[in-house]
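As structure tokens, the structure follows; a few thoughts come after it.
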Amino acid sequence: MSKRDYYDVLGVSKGASADEIKKAYRSKAKELHPDRNKDNPDAEAKFKDANEAYEVLKDAEKKAAYDRYGHAAFEGGMGGSGGGRPGAGFGGGNADFASAFSDVFDDLFGDFMGGRQGGGQRAARGSDLRYNLRVTLEDAFSGLQKTINVPTSVQCEKCNGSGAEGGAEPTTCPTCSGMGKVRATQGFFTVERTCPTCSGLGQIIKNPCNGCGGNGRVQKERALSVNIPAGVETGTRIRLAGEGEAGMRGGPPGDLYIFIEVSPHKIFERESTELHCRVPVSMTTAALGGDIEVPTIDGGRSRVKIPAGSQSGRQMRLRGKGMPALRGGGAGDMYIELAVETPVNLTGKQKELLREFEALSEDNNPESKTFFSSVKNFWDSMKG
């Protein structure tokens, strides 16, 4: 069975340019790739035919031989042994197949792997930046507008980010012809490396800008206004799009990520949207009951009634006096924990009154009575 004309396989005319041939091959490779045609048994054979055709037509020397002799150009006697493999007489078919397929590999998988290489790096995106910002609990409660100074790379104003003196356009790298990579055949493999001349950018600058040295950007400290929303907590991340490092040679800038850290507070302890406050009360207030004033995070005061006979550790809740939720939904609660305080540095008169009080308090300490009764039973059981 005779082979199909290579131009027909790719769907191009005989006078098609190298770019047209490459574009047609990429389109065919995408269309016929076996991974995309698992239910089509003919797709693999057609995919191999497209590779074979492109392997020949992409090379000027092989193309010229094919245009003159057709498929016979690659059979035995027309440039060395080949066994019918196109291009075998020109340096090895397997290596050329790998080289041909690598041309379309970026188009098939480049986006998935994070973008194309080579020429696609000419206008490289700037790096993302991180800024750690510490705020007080009061700021986290109310939110605030804050100005921060961020050291970063900004676009060079002298060359408008091009890297060339006077804003001139960079020229195509002569080593890699703008691809940003060079190829070398080693046995059956074709190895691609970053172009040493342009460092993978695909372009060179003949007259670098003296303001940025050809980088297209300079180091500078920028003042940025940041809106800190109410309800932030340690670990909250705020993204400022486009406020990161400037891109290389006119590329898009990166983003700035602000990581929030809320400082510990002297009075309040935070748990998500809840606030906890430990309040000392006198022994007499805890025993007799009474009213106390407690602070709230908004700077106000709340009056709390202490029930008579309150013990240390007792909690009371103030609804809605906690922290606001970051994305709405109201505010949390505030919890008051009582800490009954034992008096110190007593005078003689105070001591005398306390001893008198203790003598009259046999039935006023139910917890002590229950505990020591249990202890007595424990000791009696141990003796038995």
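Some notes on this structure:
- Test result for residue 361, more than 59 Å from the chain's Cα centre (by Cα), at pLDDT below 85 and either of a type in the set (Gly, Ala, Ser) or at positive phi (or both): yes
- Restricting 154, 182 to those that are under 23 Å from the mean Cα position of the chain (by Cα), surrounded by 14 or more Cβ atoms within 10 Å (Cβ to Cβ) and modelled with pLDDT of 80 or more reduces the list to 154.
- Residue within the stretch 188-209 that is in contact with a Lys or Arg (Cβ under 9 Å, 6 or more places away or on another chain) and free of Cβ contacts under 8 Å to residues at least 12 places away in the same chain present: yes
- Flag for residue 161 being part of a loop (DSSP other than H, G, I, E, B), at pLDDT 80 or above and surrounded by 18 or more Cβ atoms within 10 Å (Cβ to Cβ): no
- Qualifying residue in the stretch 241-256 (condition: touching a helix residue (DSSP H, G or I) at 6+ places or on another chain (Cβ under 7 Å) and under 19 Å from residue 144 (Cβ atoms)): no
- Pair list, Cβ under 8 Å, 6 or more apart: the stretch 302-318 residue more than 17 Å from residue 288 (Cα to Cα), other residue not in a strand (DSSP E or B): 302/296; 302/321; 317/333; 318/296; 318/333
- Residue, farthest from residue 178 (Cα to Cα), within the stretch 1-38, restricted to residues that are over 38 Å from the mean Cα position of the chain (by Cα) and acidic (Asp, Glu): 5
- Residue in the stretch 85-96 that is open to solvent by 20 Å² or more (accessible area, probe 1.4 Å), at pLDDT 85 or above and closer than 29 Å to residue 181 by Cα present: no
Residue-by-condition table, conditions (1) surrounded by 14 or more Cβ atoms within 10 Å (Cβ to Cβ); (2) at pLDDT below 90; (3) aliphatic (A, V, I, L, M); (4) touching a Cys at 6+ places or on another chain (Cβ under 9 Å):
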{"site": "294", "(1), (2), (3), (4)": "yes, no, yes, yes"}
{"site": "298", "(1), (2), (3), (4)": "no, no, no, no"}
{"site": "312", "(1), (2), (3), (4)": "yes, no, no, no"}
{"site": "319", "(1), (2), (3), (4)": "no, no, no, no"}
{"site": "367", "(1), (2), (3), (4)": "no, yes, no, no"}
{"site": "370", "(1), (2), (3), (4)": "no, yes, no, no"}
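- Tally of residues being open to solvent by less than 50 Å² (accessible area, probe 1.4 Å) and without any contact (Cβ under 8 Å) to a residue 40 or more places away in the chain across the stretch 236-246: 3
- Where a residue in the stretch 156-178 is touching a residue at least 40 places away in the same chain (Cβ under 8 Å) and closer than 14 Å to residue 208 by Cα and its partner, wherever it lies, is basic (Lys, Arg) and surrounded by 21 or more Cβ atoms within 10 Å (Cβ to Cβ), with Cβ under 7 Å and at least six apart: 156/217; 161/217; 161/249; 162/249; 163/249; 170/249
- Hey, residue 249 modelled with pLDDT of 90 or more and surrounded by 13 or more Cβ atoms within 10 Å (Cβ to Cβ) or not: no
- Of the residues making up the stretch 17-49, those that are free of Cβ contacts under 8 Å to residues at least 40 places away in the same chain, open to solvent by less than 100 Å² (accessible area, probe 1.4 Å) and part of a loop (DSSP other than H, G, I, E, B) are 17, 37, 40, 42.
- Taking the criterion of being open to solvent by less than 70 Å² (accessible area, probe 1.4 Å) and either under 27 Å from residue 313 (Cβ atoms) or of a type in the set (Ser, Thr, Tyr) (or both), the residues of the stretch 338-356 that qualify are 338, 339, 340, 343, 346, 354.
The values are calculated or read from the model by the stated rules, or taken from the named source; none is laboratory data. Fair warning: this is a prediction, and the values are worked out from it, not measured in the lab. FYI the Cβ positions are ideal-geometry reconstructions off the backbone, even for glycines, and counts take in every protein chain you see. Heads up: the accessible areas ignore ligands, DNA and RNA and are worked out on the full protein's heavy atoms, side chains in. Shrake-Rupley method; radii C 1.70, N 1.55, O 1.52, S 1.80 Å.
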